[in-house]
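A short worksheet on the structure shown next.
The values are calculated or read from the model by the stated rules, or taken from the named source; none is laboratory data. Since this is a predicted model, take the numbers as computed values, not measurements. Neighbour counts are summed over all protein chains in view; Cβ atoms, including those assigned to glycine, are modelled from backbone coordinates with ideal geometry.
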């Protein structure tokens, strides 16, 4: 990989795009494995947004569950 301050090569960009594609479930299942770099980047952004929404939803649900159990602090959890 290029050190900071030097230009990144096209091969390095292609390698990073391939690594991103492997991490994306919806692109990792493609038949021929060829997906444009712009599609990989768009799908990466969409995937990260979905993950953030999912984390927010799960955090809210956990908070509601803990409140329903009367747990209001970390100390309450540690005493379980």
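Things to note:
- Any hit, segment 1-21, residues being in a helix (DSSP H, G or I) and at pLDDT below 90: no
- Scan segment 23-32 for residues that are surrounded by fewer than 11 Cβ atoms within 10 Å (Cβ to Cβ), touching a helix residue (DSSP H, G or I) at 6+ places or on another chain (Cβ under 9 Å) and either at pLDDT 90 or above or not in a helix (DSSP H, G or I) (or both) and the total you get is 0.
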